[in-house]
Amino acid sequence: MISNKTVAILTLAMMLVSGCTGVIDEPIDTPDVTLPSDWSTAVSRTVSNPQLSGFADCQALEETLKQSIAEEYRTQILQAAEEVYYYGGFWMEDDAEMAMDGATGASNGQTKSASPPREEGKDFSGTNNQEEGVDEADFVKTDGYYIYFLNGQKLEILGVPDFGTITYESNFTIEGTPQAMMLDGDRLVVISTVSPWTIPQNSPLRDELGWTDGYNGWRTEGLTKFTVLDISNRSDPIVGKELFLEGYYMTAREVNATVRTVTHTWLNIPGVQSWLDLPSGYWNLDYDDPRRVDIRHKVAYQTILDNQEVLESLSLEEILPRVYERQNGVLTVHQMSDGECADFVAPSDGFNRGFTSIFTMDLADENFAFEADHIVGNYPQVYSSQDVLIITENAWDWWWFWGAENNMEEATNIHTFDISAAGETLYTGSGRVDGQILDQFSLSEHEGVVRVATTVGQWGRWWMEDPEPMSSQVVTLGRAVDDAGELILTELGKLEGIAEGERIWSTRFDGDRVYIVTFMQIDPLWIIDLSDETNPTILGELEVPGVSTYIHPLSKDQLLTIGMGPANEDGTGLDWSNVRISLFDVSNTSSPTLADVFSISPVQNPNDNSWQWSYSEATYEHKAFQYWAPKGLLAVPISTYRYHNWYSDNGDYHWSYQYVSKLALVNVSEETGELSLHGTVDHSDLYNREDNQYYWGEYNIRRSIFMGDYVYAISSAGVSVTNLTTMDDVATLKLEQPRNDSYYYEETDVAVSESASEDSKDE
């Protein structure tokens, strides 16, 4: 009988013989390739020209896209080969006109009375838009007679026969996850996101989205869907046309019945991979075994070769986004590459495989025609005036700098389009500025001048040893013509070095001024004069505790803001649960003052044995911020949940969560410069009722609408109507708990047609 000690000695001897004290050597299936000396040399890139240019033909577009895809995956593979990984930290020919693809593409529930028409801005409030005359898509819309509300997967249509009343008209189930909508008269366009996995098995659309030739997966992980509804009978909406766009919904704007929707997508490429399939024996080697490096390098090089082979086998149509149209039982596949691929443009120095698509749709057109344009580029930020559409993107491709040290100069591309004509989107030139923008409010167009506010410095590059210090700047740009006769944006003026060491938290352009709030430990408000676009100048500065995340100009002399209060007694830091409204007096631009400040809490005088926090969606979403000038009232949602505990008379310990959802109404006196609480609307009981099982992210009031002497508070639990004079609740309409189940259409005999050219689309 062999002892345990003998077994241990024999095992150790075998390890020593094998030359490894870890495991016994075994054959490792390593690719039989010879590494060229330059196989891992990084591809250099020079940033020089953001101008959008078309492609000579479809072959040129195909070659450019395949090269970009190959380099993106190659960069990731090289990082994996060196075991270097970075997560997050990414900066999340020749006409001046981009060519467009055209594609044709009982009781009626009316509660309108014979009284004078209700006028938005006078009789009722609408969406809080950035620019006058430019409507932004949202999940709540009103025409003064009806309220349209996307609640879960349902479109709820509510009637307002008279101000102070509310009726339930109808509901309609929307495919996918509704995001926003646009309203024009009797036509409503609902925008939703659709996962391919939720499309019925027998649907032709599902077949079109799947890769062929044995590949698994979908062309895209998400679709943006437009459901065009005829709502002339509010009690019975009728589906007209349905459009499915490959890509993710970003935003939409409507000007004079023309809707421009921006999406972005990276199509999945079958058979192309960014990871290393290392052989099993690799993992049995000691970490410092030099063979590990050789194996990784050979596997990486083989993966690069395999990716190249797969890409060469793909057609252009397989790597371009598509549009799917469903109408009258027919599914039409619109290939976005016509004979010239004229709808695709890219920055002259770009190197990307993402697509930012602009879909222009005329709501006044009976056939709901659409035009599609595509920019090969990064995730966009979008701004629109009545005449100009601006799309910005990071000038650098995020994947390019995985593992980069200090070779990172942040810059933003700015692309402008003329949208003054209904149904048209015409390219008018591009420019580039240093730094990164925060959001849509960092952009503006005024009297032909493009204005941009950016934060420069590499504050987001956490891996860098010595990043460039932060500061902010304002740049003005005008249109010019380059030596080749192309329209471009050139710098007119610049103000640099604003708030060194801080970044921008909010911006608002207003006429010939821009207001900027920066923050590190305390909030400076900056007033900058833009009347001379060649020489932006700081007029004044005010340092106040806390920070403002949204700025709402009341007049030339006053600003209303929302944000968070300070965390510390010395006024530094941020208390994220302290929602604050601030009123600034900027009549003396050289010496602005804080006229008043008001903190909002949904819970007054909480018990000593409880804790609370609160937040308002209006601190980060301007559409939740509703200022009603006719009555000088601001409405913002405020929500919390608090843990409450107590002891009963017999000494037993009890605890519970108390959910609170309110709409705070704040008096804003422009005459006296004072803020005060007007009252609150409480939806807490709607959520705490027995028949409602609330979702954690949906229990709060989301939007509000002023109508005459009343305010309508809207949440997924219901709509309440409150008299603004007495603050009495005069009407409440409870809504069913929203469902998030996947919705499937019943498909019957759906035919499929293909449209690969402009001519076929018009048939």
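Structural remarks
- Euclidean distance of C-alpha centroids, the range 265-289 and the range 138-177, integer Å: 50
- Here ASP685, ASP418 are placed in order of increasing Cβ neighbour count within 10 Å, fewest first, which gives ASP685, ASP418.
- Cβ-based net charge around VAL293, under 15 Å, with every Lys or Arg adding one and every Asp or Glu removing one: -2
- Relative contact order %, the range 441-561, counting alpha carbon pairs below 8 Å whose residues are six or more apart: 18
- Karplus (6.51, -1.76, 1.60) ³J(HN,Hα), θ = phi - 60°, over the range 415-429, in Hz, Gly and Pro reported as x: 10, 10, 9, 8, 10, 5, 9, 4, x, 10, 9, 10, 5, 10, x
- If you wrap the tightest convex hull around every Cα atom of the range 456-591 and split its volume per residue, you get 145 Å³.
- Calculated FRET value between ASP529 and SER195, using beta carbons and R₀ = 41 Å, to 0.05: 0.25
- In this structure, the pairs whose alpha-carbon distance is over 23 Å, taken from LYS141/LYS734; LYS122/LYS623; LYS66/LYS241; LYS241/LYS734; LYS154/LYS241, are LYS66/LYS241; LYS241/LYS734.
- Tensor-based shape of the range 181-265 (alpha-carbon gyration tensor, a/c under 1.5 rounded, otherwise prolate or oblate): oblate
- The ranking of HIS334, HIS446 by Cβ neighbour count inside 10 Å, starting from the fewest, reads HIS446, HIS334.
- Relative frequency of Cα-Cα separations exceeding 19 Å in the range 496-563, percent: 27
- Charge tally for GLU71 (other residues, Cβ to Cβ under 12 Å; Lys, Arg +1; Asp, Glu -1): +2.
- Distribution of pairwise C-alpha distances over the range 134-234, 10 Å bins, in %: 14, 39, 25, 14, 6, 1, 0
- Relative exposure of LYS298, LYS734, LYS122, LYS141, judged by other C-beta atoms within 10 Å (fewest first): LYS122, LYS734, LYS298, LYS141
- Other residues whose C-beta falls under 10 angstrom from the C-beta of GLN473 contribute a net charge of -1, scoring Lys and Arg +1 and Asp and Glu -1.
- Entry note: the range 550-666 has Rg to Rh equal to 1.09, where both radii use alpha-carbon atoms and Rh is the Kirkwood radius.
- Among the GluC sites (Glu not before Pro) found in the range 586-688, those both in a DSSP coil and sparsely packed, with 12 or fewer other Cβ atoms within 10 Å of their Cβ, are GLU671.
Every number here is computed from the coordinates shown, using simple stated rules; none is lab data. Being a predicted model, the structure only gives us computed values, none of them experimental. In this analysis, Cβ positions are derived from the backbone assuming ideal geometry, glycine residues included, and neighbour counts consider all displayed protein chains.
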